[in-house]
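What follows is a short report on a single structure.
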Protein chains: 2
Amino acid sequence: MTKTPISASEGVLQGLPDEAKAPAGLSDVSAEDLLLLDRQICFSLHAASRAFNSVYRVVLKELGLTYPQYLVMLVLWEHGELPVKRLGEYLRLDSGTLSPLLKRLEAAGLVRRERSAEDERSVRVHLTDAGADLREQALTVPRRIAAATGFDLGEIRDLRARLDRLTLALDAAALEGVPVCE
Amino acid sequence: MTKTPISASEGVLQGLPDEAKAPAGLSDVSAEDLLLLDRQICFSLHAASRAFNSVYRVVLKELGLTYPQYLVMLVLWEHGELPVKRLGEYLRLDSGTLSPLLKRLEAAGLVRRERSAEDERSVRVHLTDAGADLREQALTVPRRIAAATGFDLGEIRDLRARLDRLTLALDAAALEGVPVCE
DNA sequence: AGCCATTCAGTTGTGCACAACTTAATTGTG
DNA sequence: CACAATTAAGTTGTGCACAACTGAATGGCT
């Protein structure tokens, strides 16, 4: 089956029966309504993430990169050579994800991996010449994506700020354990 | 390696060198800066999606559901029995994703699948009693997630609206082909 | 009726995310 | 120094996302 999205106005993205428009606390809303709302916010984030991913997929195909590989390359273009550990911190990815991904980038001739001499546990990831050169082509990517979103720079920054705030809150909650009952 | 996120203020989530604070058009910004910005918005969305996912993972574990399975159940609780096709439209997922997922839900005893009598191509997905009963437990989920985000209802709705707008724009761009050069 | 295009679900193969685990190197402490 | 704890990277297994494909059922068209 191929992707035949129904328009966003039907299906998932329609509005809630907006009973509670005021900046109400969550406690004013019934568990039933919250389940509806949850469906909607879940879907929105999930769908946005996948839509983004899918636009990038198209653009990145001509660079021979997947979206996560592009993220790795972006970090390398910015920071140059660095250990897998650091890469994982920047990208919030663990070695279980990065190891095979880096292996594929290495097979593609874009990066090189070498055990660090000082600390034999650490593996440093370098750009090859081909990997460094790929940046030229990548320079055209963001403008095309931005054009696809139709957002201006201010909106993009604003959205980013909100998402970061969300991520921070969620990470904090995850660390101290999600409330069991509330 | 386990997830040891660096705080968002270091690492990925720091601000841009905000040269262009005005609601500037994208054309005013250099390709170099856009690549930086791209790194940031990519990361933000990717990270938010994964942070969200990971909080849900914790909460949903006690229901025995993964996040995508929860999304499917949300649709079923709302709409009752419906064909795989519709499910895919609501969730924007194709059969390649849904078929195995539904098979797992069926194995877990939460849904039943039956070929439609009128149209033998179609498979209708039903809730089992266990699947319907699970909704009781699920009612507590959204409040706990919302608490974890620290967002109030207004903010959640606002973010959702922005994400939906983004998704719409991205889908539209994807349909008519992403701009090749711009 | 006969045939072709379409539709629906499913399968296969690739890649990512993550938990749980392994192995090897390093660090800290008695 | 010895040895336990920690750290870095990698491996394994599960599940999701998606492209490309298969196969069966359906609908339209002549």
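The values are calculated or read from the model by the stated rules, or taken from the named source; none is laboratory data. This one's a predicted model, so the numbers in the text were calculated from it and none came from an experiment. Please note: Cβ atoms are built from the backbone with ideal geometry, for glycine as well, and neighbour counts cover all protein chains shown. Note: accessible area is taken over every heavy atom of the protein model, side chains too, but ligands, DNA and RNA are not part of it. Shrake-Rupley method; radii C 1.70, N 1.55, O 1.52, S 1.80 Å.
Kindly state, to the nearest 0.05, the FRET efficiency for residue B:113 paired with residue A:32, given R0 = 25 Å and r defined as their beta-carbon distance. After rounding, the FRET efficiency stands at 0.40.
Exposure check, 1.4 Å probe, all protein chains in place: residue A:73 carries approximately 0 Å² of accessible surface. For segment B:48-99, the share of accessible area belonging to carbon and sulfur comes to 48 percent (1.4 Å probe, ligands and nucleic acids excluded). If each Cα of segment B:27-182 is one equal point scatterer, what is log10 of I(q)/I(0) from the Debye formula at q = 0.12, 0.13 Å⁻¹? Computed log10 I(q)/I(0) values: -0.70, -0.80.
Lys and Arg at +1, Asp and Glu at -1: add these up for the other residues within a Cβ distance under 10 Å of residue A:114 and post the number. Every neighbour counted, the sum reads +3. About its Cα centre, segment A:34-165 has a charge dipole of approximately 400 debye under the convention of +1 per Lys or Arg Cβ and -1 per Asp or Glu Cβ, with nothing else charged. Counting charges near residue A:101 (Lys, Arg +1; Asp, Glu -1) among other residues having Cβ under 13 Å from its Cβ returns a value of +1. Hydrodynamic radius of segment B:30-79 by the Kirkwood approach over all distinct alpha-carbon pairs: 12.9 Å.
Put a dot 7 Å past the Cα of residue A:136, heading toward its Cβ, do the same for residue B:130, and the two dots end up 6.0 nm apart. In the assembly of identical copies, residue B:79 has its label point, taken 7 Å from Cα in the direction of the beta carbon, separated from the corresponding points by 4.3 nm (ascending, one decimal).
Among the GluC sites (Glu not before Pro) in segment A:63-140, those placed in a DSSP loop whose Cβ has at most 15 other Cβ atoms within 10 Å are A:81, A:118, A:120.
Between identical copies, the spacing of residue A:122 label points, each set 7 Å from Cα toward the C-beta atom, reads 6.1 nm from nearest to farthest.
In this structure, the amide hydrogen of residue A:82, modeled 1.01 Å from its nitrogen in the peptide plane, lies closer than 5 angstrom to those of A:125, counting only residues at least 5 positions away or on a different chain.
Can you give the FRET efficiency to the nearest 0.05 for residue B:81 and residue B:61, using r as the Cβ-Cβ distance and R₀ = 22 Å? Efficiency at R0 = 22 Å is approximately 0.25. Annotation: per residue accessible area for segment A:67-134 equals 48 Å², rounded to a whole number [probe 1.4 Å, protein chains only]. Per-residue shielding of A:49-59, expressed as the average number of other chain Cβ atoms within 10 Å of the residue Cβ, stands at 6.
For segment B:87-172, the set of trypsin sites (Lys or Arg not before Pro) satisfying both a DSSP loop assignment and a count of at most 13 other C-beta atoms within 10 Å is given as B:121.
Using the empirical formula 2.2 N^0.38 Å as the baseline, the Cα radius of gyration of segment A:77-166 reaches a ratio of 1.34.
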